[in-house]
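Some notes on the structure that comes next.
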Amino acid sequence: MLSKGLKRKREEEEEKESLAVDALWLDPGHAAVAQAPPAAASSSLFDLSVLKLHHSLQQGEPDLRHLVLVVNTLRRIQASMAPTAALPPVPSPPAAPSMADNLLASSDAALSASMASLLEDLSHIEGLSQVPQPLADEGPPGRSIGGAAPSLGALDLLGPATGCLLDDGLEGLFEDIDTSMYDNELWAPASEGLKTGPEDGPGKEEAPELDEAELDYLMDVLVGTQALERPPGPGR
Amino acid sequence: MIPGIGTLTQDTLWCFSQVKGTIEIGTTEADIISTVEFNHTGELLATGDKGGRVVIFQREQESKNQIHRRGEYNVYSTFQSHEPEFDYLKSLEIEEKINKIRWLPQQNAAYFLLSTNDKTVKLWKVSERDKRPEGYNLKDEEGRLRDPATITTLRVPVLRPMDLMVEATPRRVFANAHTYHINSISVNSDYETYMSADDLRINLWNFEITNQSFNIVDIKPANMEELTEVITAAEFHPHHCNTFVYSSSKGTIRLCDMRASALCDRHTKFFEEPEDPSNRSFFSEIISSISDVKFSHSGRYIMTRDYLTVKVWDLNMENRPIETYQVHDYLRSKLCSLYENDCIFDKFECVWNGSDSVIMTGSYNNFFRMFDRNTKRDVTLEASRENSKPRAILKPRKVCVGGKRRKDEISVDSLDFSKKILHTAWHPSENIIAVAATNNLYIFQDKVN
């Protein structure tokens, strides 16, 4: 439909599927939407959104508006997905809440790179319920950031090297990080492609919790938060 | 028809006037125009592009011999405003693309404008030099110093005419105040301050002070995981220097009064239209995201652009717009595909004409639309090389949504989504418009009888 000069990103089959469901998006409450095909459509839209998120995070500096809109759309899609399309249970790695407080702002590229690999595997197995807490961001420029990029251990940084100008003496900060999350095979590069359809899982009641946490995790890492930012004064 | 009073009656015919830019296919990305703006008199027209360049066109004086032909715009000055930068701390490249240009009102012989990329705002002075001093005592004509011992008489240097030279110099650089990407700048009516807005914060600057700014809006949540909304555009009220508005990705507009508090996190007015349940979809939020907000010249109304519509709001009514115009409603059933190819995230701008009676915005396939607020008529025109004969009248275009396609209509499926008109500008007092189509700038005027 969208003609000349436009690159098609997806396989033809998936394109056809998405075109076919164009008309369904008008009213998710419509009778036709409640049946099985829309669930597949929801799922393909979900996959598409995850792909977009992934792609966005791979940018050195993601477009915040694009990111926020995609994440919000993802939330809507998830919220509307039928109970049978709930997510599979995932053994939660032990909590490491203190990790977030210790992780200082790194270059967004480093985070993005790690998020990118995370998202790749998200598409296989959803509901990584144990999310690291929000990461600090740099705050408005001009104030001292303090530390340097965290060395994320087992995670390979796919982005440009960030360590050149930064300190290497941060090992101590990460002693209490639970790295089991990074050591397991979830972090192996995806080879089978995205998940293809709704998967069986726990009941409806559980699914929203997992989804919330998972999306929160995405938001955490992609833009980070401030551990050290002081509240803004009346003027600067 | 009275020139200067814009009404889009059946009598208004738009004609091609000029086109700037190259014709070749396979344009360099650097030439893509990213912003267009007339100055306050309409004498100058500035464009910024992805390559960080600013090109200023000046309208030639209308000669008495050619009253039937209005002045043309010719290149007046070209300069490199922003260069690509590298943020070493974050290992990121900062794009040199000019996001916005805003003119300052003219106060002396020189012209001043603000131009901004994602991170840095610059104040440029554009001035003419048409005289040069001659007859120095201590230097000869080539500038070489003379031996004072050889000077036996003194003379007073005189100014002699020279070929006109237009110089652009950066007078101020306002840097390091934005963590996120700057989307708007707006000059205050006090002509002493201006604001710059990024995704999460708005800063107030004094033109004379570059090393600090006041933060007047901050919507960054304490936990970034709670972030659900960003600032998309902001503008000062044209007359009240204490008032400004900013729009969000959730389709809301907030009006703030800087007298109320130093940090305007609490709005004075909140404009939002309730969602139409019959149009609800997964993409409702994305298409409600406001891409541009503009005060009317009168200051009584604001106009907002979201993906499918343009809305006019009365400042005195917050619960819904007073007017809504459909720009390209035929895209409503294609939202999924437009989401897939990211077109749904395109940010279209909108403009008022000088008398606030007509509004204009762009669309796809190099189409742009005008809506007459009084007659409720609208027209779709196209910026294309095919319609580029001098003074050729633009023919209204029509998109066929289904059923039988008439001869001159174009079907939705044939629209070229890579040809988008995101940036347009309207002369402050006359019916002259500038339309940016990728790397070409089209200037159209209404037909003078």
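The values are calculated or read from the model by the stated rules, or taken from the named source; none is laboratory data. No experiment lies behind these values; they were computed from the predicted model shown. A quick note on method: Cβ atoms are made from the backbone with ideal geometry, for glycine too, and the neighbour counts reach across all protein chains shown.
A few notes on this one:
- Residue count for region B:223-262, restricted to those that are away from chain A (no Cβ under 14 Å), aliphatic (A, V, I, L, M) and crowded, with 21+ Cβ neighbours inside 10 Å: 2
- Every residue from region B:312-347 that is touching a Leu at 6+ places or on another chain (Cβ under 8 Å) and away from chain A (no Cβ under 14 Å): B:315, B:326, B:327
- No other residue among B:376, B:407 is without any contact (Cβ under 8 Å) to a residue 24 or more places away in the chain, among the basic types (Lys, Arg), closer than 28 Å to residue B:247 by Cβ and in a loop (DSSP other than H, G, I, E, B) apart from B:376.
- Residue pairs whose Cβ atoms lie under 8 Å apart, separated by 6 or more positions or on different chains, with the first residue in region B:285-310 and within 14 Å of chain A (Cβ to nearest Cβ) and surrounded by 23 or more Cβ atoms within 10 Å (Cβ to Cβ) and the second assigned to a helix (DSSP H, G or I) and among the basic types (Lys, Arg), are B:289/A:65.
- Checking each residue in region A:56-89 for being at pLDDT below 90, within 15 Å of the chain's Cα centre (by Cα) and in a helix (DSSP H, G or I) picks out A:56, A:57, A:58, A:78.
- Residue under evaluation residue B:223, criteria (1) under 30 Å from residue B:130 (Cβ atoms); (2) without any contact (Cβ under 8 Å) to a residue 12 or more places away in the chain, criterion not met: (1)
- Matching residues, region B:381-404, being surrounded by fewer than 17 Cβ atoms within 10 Å (Cβ to Cβ), in a loop (DSSP other than H, G, I, E, B), among the aliphatic types (A, V, I, L, M) and away from chain A (no Cβ under 14 Å): B:392
- Test result for residue B:276, modelled with pLDDT of 95 or more and either farther than 24 Å from residue B:184 by Cα or within 17 Å of the chain's Cα centre (by Cα) (or both): no
- Selection within region B:414-429 - surrounded by fewer than 20 Cβ atoms within 10 Å (Cβ to Cβ) and away from chain A (no Cβ under 14 Å): B:428, B:429
- Region B:260-284: number of residues that are without any contact (Cβ under 8 Å) to a residue 40 or more places away in the chain, among the small types (Gly, Ala, Ser) and closer than 23 Å to residue A:80 by Cα: 2
- Here region B:98-121 is the region considered, the condition is being of a type in the set (Lys, Arg) and either part of a strand (DSSP E or B) or in contact with a helix residue (DSSP H, G or I) (Cβ under 9 Å, 6 or more places away or on another chain) (or both), and the residue that is farthest from the other protein chains (Cβ to nearest Cβ) is B:102.
- Those residues of region B:199-220 which are within 8 Å of chain A (Cβ to nearest Cβ) and within 30 Å of residue A:214 (Cα to Cα), in sequence order: B:199, B:200, B:201, B:218
- Of the strands (runs of 3 or more DSSP E) contained entirely in region B:29-91, those carrying at least 3 residues that are over 24 Å from residue B:175 (Cα atoms) fall at B:53-59, B:73-80.
- Residue count, region B:18-59 (criterion: on the phi > 0 side of the Ramachandran plot and in contact with a strand residue (DSSP E or B) (Cβ under 9 Å, 6 or more places away or on another chain)): 3
- Residues that are over 23 Å from residue B:33 (Cα atoms) and modelled with pLDDT of 95 or more, drawn from region B:77-94: none
- Lone unmet requirement of (1) within 14 Å of another protein chain (Cβ to nearest Cβ); (2) outside any loop (DSSP other than H, G, I, E, B); (3) in contact with a Leu (Cβ under 6 Å, 6 or more places away or on another chain) for residue B:185: (1)
- Residues of region B:199-222 satisfying the condition of being of a type in the set (Asp, Glu) and surrounded by 23 or more Cβ atoms within 10 Å (Cβ to Cβ): B:199
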